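Colleague: Encoded as structure tokens, here's the structure I'll be asking about.
The values are calculated or read from the model by the stated rules, or taken from the named source; none is laboratory data. Just so we're clear, the structure is a prediction, and the values are computed from it rather than from any experiment. Here the Cβ positions follow ideal geometry from the backbone for every residue, glycine too, while neighbour counts run over all protein chains shown.
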């Protein structure tokens with residue numbers, strides 16, 4: 001213990017180690033500051049003054065022009081001085097940085113680091129000794145007691161003492177951690193003053209890594225990434241099993257493109273439902289939206305007389321030009337899905353009905369109507385030329401449907417992060433009452449989110465119809481709502497509302513599509529795949545709840 005304590009530096013000893021470094025760099029800083037007075041500092045002051053004068057309504061136009069002209073003359077002189085001193089300032093800064101590179105770690109930081117490690121070891125030993133003493137004292141106190149009530153009280157006191165000791169221990173370790181971090185960061189503070197907050201790429205990365213280590217929390221890391229880690233491990237296991245069980249490889253270019261191709265239409269659906277989850281809701285009608293849109297798309301883009309009828313009427317759109325039919329199918333799909341999502345959105349926004357109920361009603365209405373209208377009959381296939389027209393393969397391999405998905409990701413990222421609507425969605429999802437008080441129309445934001453979801457559902461289902469070359473039926477899309485919701489919650493869209501990112505949804509969709517594709521290749525029954533989805537959803541929501549409880 002004595003050898004450990006010898007390594008621990010006092011605050012005064014640390015200051016003595018740092019003093020020569022601060023003195024050397026401080027003298028250079030003084031020279032740099034003196035050279036900047038009539039140059040860089042004056043340029044900054046005059047530039048700011050010109051901007052202030054331009055915005056000052058108390059000056060007339062002619063007065064502004066006169067002041068700005070005078071400032072510009074002075075600015076030109078200051079820039080000349082700045083250019084003249086630039087080389088000398090750079091030389092001084094380079095000298096200081098070289099000195100820090102050569103001496104900071106060797107003469108100061110490495111010794112502080114060793115001191116912190118020794119102090120941490122000493123604190124751990126002290127904590128263990130304290131716990132042992134508490135345990136010994138507790139055993140002695142219990143031995144003196146015979147009444148069960150008193151023994152129970154003593155155990156309670158003992159637990160409180162352990163808890164207090166743990167709090168004290170954690171606080172001490174945090175102080176040691178802060179001390180080491182401050183010592184590391186002081187070097188970049190000196191460079192910051194010399195360079196006026198300009199760092200090299202390498203210096204920025206070193207600071208980011210240090211800040212990550214400093215703020216890293218194991219519990220929080222596992223809560224945030226634990227499910228991803230498990231899913232990745234499962235996927236790796238599937239990649240190992242595939243060659244053994246099915247004599248095929250999963251990680252091939254063709255399989256990856258197939259996964260991306262299958263994920264593209266689902267991306268639209270997940271982005272749509274993601275906006276509703278962000279508001280603290282959900283959508284159970286996604287699958288039925290897909291089924292309805294598949295029937296509409298197949299009916300319009302089918303070659304010749306339709307194999308199925310709607311309310312007893314058989315349609316034939318062959319006379320309509322192909323391009324017009326394709327656009328007509330897209331528009332009609334989006335209109336129908338948007339009509340139904342707006343219906344659910346209205347009841348949610350106006351009467352505060354939970355989206356679970358309003359979208360479940362949508363699901364039942366849509367499925368009932370489409371099944372009754374079509375008698376459950378499939379509408380066959382669409383014209384093969386449509387797939388080549390809408391999603392041709394680049395180089396005969398790369399499916400351009402992926403580009404449709406990339407486009408919608410960019411658009412939705414812009415809406416969520418760069419528009420007033422996106423900011424309002426986060427505000428309403430976080431606290432709708434506070435958002436309303438701050439002047440945000442909760443009704444408009446909710447309705448708009450449902451409308452956007454409807455458009456995305458229609459577009460995604462239209463793409464799916466073209467990808468699958470039709471085969472539309474009212475039952476198509478069964479279970480797709482669970483995939484979309486699961487992709488969102490796995491991607492970090494919190495059911496508590498107001499938390500989530502577009503990037504998370506993208507990752508979630510890719511994870512689920514890859515897992516489904518892998519399980520299908522391995523021959524796992526489709527029904528059992530629902531079990532995997534259910535387990536993942538339950539795990540994701542449980543982790544989300546744990547995060548929420550931790551914040552509370």
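Colleague: Restrict the check to the range 498-516 and report whether at least one residue is touching a residue at least 40 places away in the same chain (Cβ under 8 Å), in a loop (DSSP other than H, G, I, E, B), touching a helix residue (DSSP H, G or I) at 6+ places or on another chain (Cβ under 6 Å) and closer than 27 Å to residue 412 by Cβ.
Modeller: yes
Colleague: If I ask for residues that are in a helix (DSSP H, G or I) and over 16 Å from residue 327 (Cβ atoms), which ones from the range 395-404 would you list?
Modeller: Of everything in the range 395-404, those that are in a helix (DSSP H, G or I) and over 16 Å from residue 327 (Cβ atoms) turn out to be 401, 402, 403.
Colleague: Might you check whether a residue that is more than 21 Å from residue 516 (Cα to Cα) and within 26 Å of the chain's Cα centre (by Cα) occurs anywhere in the range 457-479?
Modeller: Yes, because at least one residue in the range 457-479 is more than 21 Å from residue 516 (Cα to Cα) and within 26 Å of the chain's Cα centre (by Cα).
Colleague: So, one more: Take the conditions part of a helix (DSSP H, G or I) and either at pLDDT below 90 or exposed (fewer than 15 other Cβ atoms within 10 Å of the Cβ) (or both) and apply them to residue 211. Does it pass?
Modeller: Here the answer is yes, as residue 211 does meet what is asked.
Colleague: Condition test on residue 186, is it farther than 21 Å from residue 26 by Cα and surrounded by 13 or more Cβ atoms within 10 Å (Cβ to Cβ)?
Modeller: no
Colleague: A further question follows. Taking interchain pairs and intrachain pairs at least six residues apart, which have beta carbon atoms under 8 angstrom, with the first residue in the range 309-335 and in the same structural domain as residue 379 (by TED's automatic domain parsing) and the second in a helix (DSSP H, G or I) and surrounded by fewer than 14 Cβ atoms within 10 Å (Cβ to Cβ)?
Modeller: Going by the 8 Å Cβ cut-off, the qualifying pairs are 322/385; 322/389; 323/389; 326/389.
Colleague: Identify all residues within the range 412-426 that are over 11 Å from residue 500 (Cβ atoms) and surrounded by 12 or more Cβ atoms within 10 Å (Cβ to Cβ); write none if there are none.
Modeller: Passing the criteria: 412, 413, 414, 415, 417, 421, 422, 423, 424.
Colleague: Continuing with the same structure: Go through the range 352-394 and report how many residues are part of a loop (DSSP other than H, G, I, E, B) and either touching a helix residue (DSSP H, G or I) at 6+ places or on another chain (Cβ under 9 Å) or over 23 Å from residue 320 (Cβ atoms) (or both).
Modeller: Going through the range 352-394 one residue at a time, the tally reaches 10.
Colleague: Would you check if there is a residue in the range 367-384 being in the same structural domain as residue 291 (by TED's automatic domain parsing) and more than 16 Å from residue 476 (Cα to Cα)?
Modeller: Yes, the range 367-384 contains at least one residue that is in the same structural domain as residue 291 (by TED's automatic domain parsing) and more than 16 Å from residue 476 (Cα to Cα).
Colleague: Report yes if residue 345 is at pLDDT 95 or above, assigned to a helix (DSSP H, G or I) and buried (at least 22 other Cβ atoms within 10 Å of the Cβ), otherwise no.
Modeller: Against the criterion (at pLDDT 95 or above, assigned to a helix (DSSP H, G or I) and buried (at least 22 other Cβ atoms within 10 Å of the Cβ)), residue 345 qualifies.
Colleague: Is there a residue being within 24 Å of residue 510 (Cα to Cα), at pLDDT below 85 and in a helix (DSSP H, G or I) anywhere in the range 247-258?
Modeller: No, there is no match, as no residue in the range 247-258 is within 24 Å of residue 510 (Cα to Cα), at pLDDT below 85 and in a helix (DSSP H, G or I).
Colleague: Another question about this same structure. For the list (1) outside any helix (DSSP H, G or I); (2) within 22 Å of residue 265 (Cβ to Cβ); (3) without any contact (Cβ under 8 Å) to a residue 60 or more places away in the chain, I need the number of the one condition that residue 407 fails.
Modeller: So residue 407 meets the others, but not (1).
Colleague: Quick one: in the range 517-552, of everything that is free of Cβ contacts under 8 Å to residues at least 24 places away in the same chain and not in a helix (DSSP H, G or I), which residue is nearest to residue 412 (Cα to Cα)?
Modeller: 552
Colleague: Given the criterion closer than 25 Å to residue 337 by Cα, outside any helix (DSSP H, G or I) and either touching a strand residue (DSSP E or B) at 6+ places or on another chain (Cβ under 7 Å) or at pLDDT 95 or above (or both), identify the matching residue among 283, 316.
Modeller: Every option except 283 fails the conditions.
Colleague: Looking at the range 263-283, can you tell me whether even one residue there is assigned by TED's automatic domain parsing to the domain that holds residue 503 and farther than 25 Å from residue 503 by Cα?
Modeller: No.
Colleague: Look at the range 417-443 and say how many of its residues are free of Cβ contacts under 8 Å to residues at least 60 places away in the same chain and assigned to a helix (DSSP H, G or I).
Modeller: Here the count works out to 11.
Colleague: Go through the range 231-276 residue by residue and tally those that are within 19 Å of the chain's Cα centre (by Cα) and without any contact (Cβ under 8 Å) to a residue 12 or more places away in the chain.
Modeller: Final tally of qualifying residues: 1.
Colleague: Within the range 320-330, can one find any residue that is in contact with a helix residue (DSSP H, G or I) (Cβ under 6 Å, 6 or more places away or on another chain) and surrounded by fewer than 19 Cβ atoms within 10 Å (Cβ to Cβ)?
Modeller: Yes, there is a match, as at least one residue in the range 320-330 is in contact with a helix residue (DSSP H, G or I) (Cβ under 6 Å, 6 or more places away or on another chain) and surrounded by fewer than 19 Cβ atoms within 10 Å (Cβ to Cβ).
Colleague: Could you check how many residues of the range 67-110 are surrounded by fewer than 18 Cβ atoms within 10 Å (Cβ to Cβ) and within 30 Å of residue 177 (Cβ to Cβ)?
Modeller: Count: 9.
Colleague: Let me ask another. All but one of (1) at pLDDT below 85; (2) in contact with a strand residue (DSSP E or B) (Cβ under 8 Å, 6 or more places away or on another chain); (3) surrounded by 24 or more Cβ atoms within 10 Å (Cβ to Cβ) hold for residue 471, so report the exception by its number.
Modeller: It is condition (3) that residue 471 fails.
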